[in-house]
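Just so it is clear, none of the values below were taken in a lab; they were calculated from the coordinates. The shown structure was predicted, so the numbers you read here are calculated from the model rather than taken from an experiment. Cβ: placed from backbone, ideal geometry, glycine included. Neighbour counts: every protein chain shown.
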Amino acid sequence: MSEPPENGLPENGPPETEAPPVSAAAIRLAEALVFASDRPVTPARLQPLLAEGEQAEAVFRELSRALEGRGVVLTEVGGGFVLRTAPDLASALTRVIEVPRRLPRAAMEALAVIAWHQPCTRAEIEEIRGAGLAQATLESLLEHGLVAPRGHKEVPGRPTLWGTTSRFLEQFGLKSLRDLPRREELVSGDAAPLFSTQDAPPKTPEGD
């Protein structure tokens, strides 16, 4: 039987230390914060609320496990975490919850162009889309918080550059812009974001 090394440690290095346990209080705190927040909760936002030694990433992992088989699930979107209805319950809920209004197709097409080509100007959106962009369509995307100004293009007239927002990522369930679906999927009915009837702007005839 071989003698142990003089330093008493295994030859392949120091033993791995186990991650500190996550307390039930931390899991409850994370659940409450995600539930009450109006935007995705990042680990950095949760971390200051935790006890010394507890890590936000580990707390979110445990919260996700705790919610398995429940009516809501923890979903990572836009760099943070939100609560979403369990996918298998969607068909049952559609029978008792009012179906929200979708954005008009013209707005979805403009949003898809911005998402894939940002930052881009209104003229560039119209050129790529092959049709004019009504002011009401752009204002609808602004009101829903899906797009925002991203400075000005350094050309004559210095037109505004447009880009998507964190709200866009949240609405489509994307972790980042790297997870964008194909432009055709973004415009399709299956991928179109939903908005409550109360929040949706009234339909305006498109002039494009």
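Observations on the model:
- Built amide H within the under 5 Å cut-off of F81, gap 5+: V41, T42
- Each Lys and Arg contributes +1 and each Asp and Glu -1, all at the Cβ; summed about the Cα centre of the stretch 101-195, the dipole is approximately 120 debye.
- Residues whose amide H lies under 5 Å from that of R150, counting only those 5 or more places away or on a different chain, are L161, W162, G163; hydrogens are built 1.01 Å from N in the peptide plane.
- For the stretch 71-78, 3J(HN,Hα) computed residue by residue from phi via the Karplus equation (6.51, -1.76, 1.60; θ = phi - 60°) reads x, 10, 10, 8, 10, 8, 9, x Hz, glycine and proline entered as x.
- Remark: the stretch 46-63, residue by residue, has Karplus-estimated 3J(HN,Hα) of 7, 3, x, 8, 8, 6, 4, x, 8, 10, 4, 4, 5, 5, 5, 4, 5, 5 Hz, where x stands for each Gly or Pro and the curve is 6.51 cos²θ - 1.76 cosθ + 1.60 at θ = phi - 60°.
- Integer Hz, Karplus 6.51/-1.76/1.60 couplings in order for the stretch 27-34, x for Gly and Pro: 5, 5, 5, 5, 4, 5, 5, 5
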